[in-house]
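Structure first, commentary second.
Every number here is computed from the coordinates shown, using simple stated rules; none is lab data. Everything quoted here is computed from the prediction, not taken from an experiment. Every residue, glycine among them, receives a Cβ derived from its backbone with ideal geometry; neighbour counts consider all protein chains shown.
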Amino acid sequence: MTRFMALLALAALALGGCSNRMVYQTVQGWQQQECRKIADANERQRCMASTAGSYDDYRRAREAARGQP
């Protein structure tokens, strides 16, 4: 399924009409869908928490890691 999401993200970028934010939100939605399949409530909650970050938070963390202002 991860391969499918990677192909989907690449296809979205190739279309040119999708922004980085849209791709991020699409992948985040897919991750949340996968989290809902987890039977153990604690593990499911931990999984969902890992997808709770906004695109702006992700972008800031990414830029900080790359050493950009």
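Here the Karplus relation 6.51 cos²θ - 1.76 cosθ + 1.60, evaluated at θ = phi - 60°, turns the backbone of the stretch 55-64 into coupling constants of 4, 5, 4, 4, 4, 4, 5, 5, 5, 5 Hz, with x for every Gly and Pro.
If a spin label sat at a point 7 angstrom from the Cα of Gln32 along the line to its beta carbon, the backbone N atoms of the stretch 42-63 nearer than 19 Å would be those of 42-59.
3J(HN,Hα) along the stretch 40-49: 6, 4, 5, 5, 4, 5, 5, 4, 5, 5 Hz, from the Karplus curve 6.51 cos²θ - 1.76 cosθ + 1.60 with θ = phi - 60°, whole Hz, x for Gly and Pro.
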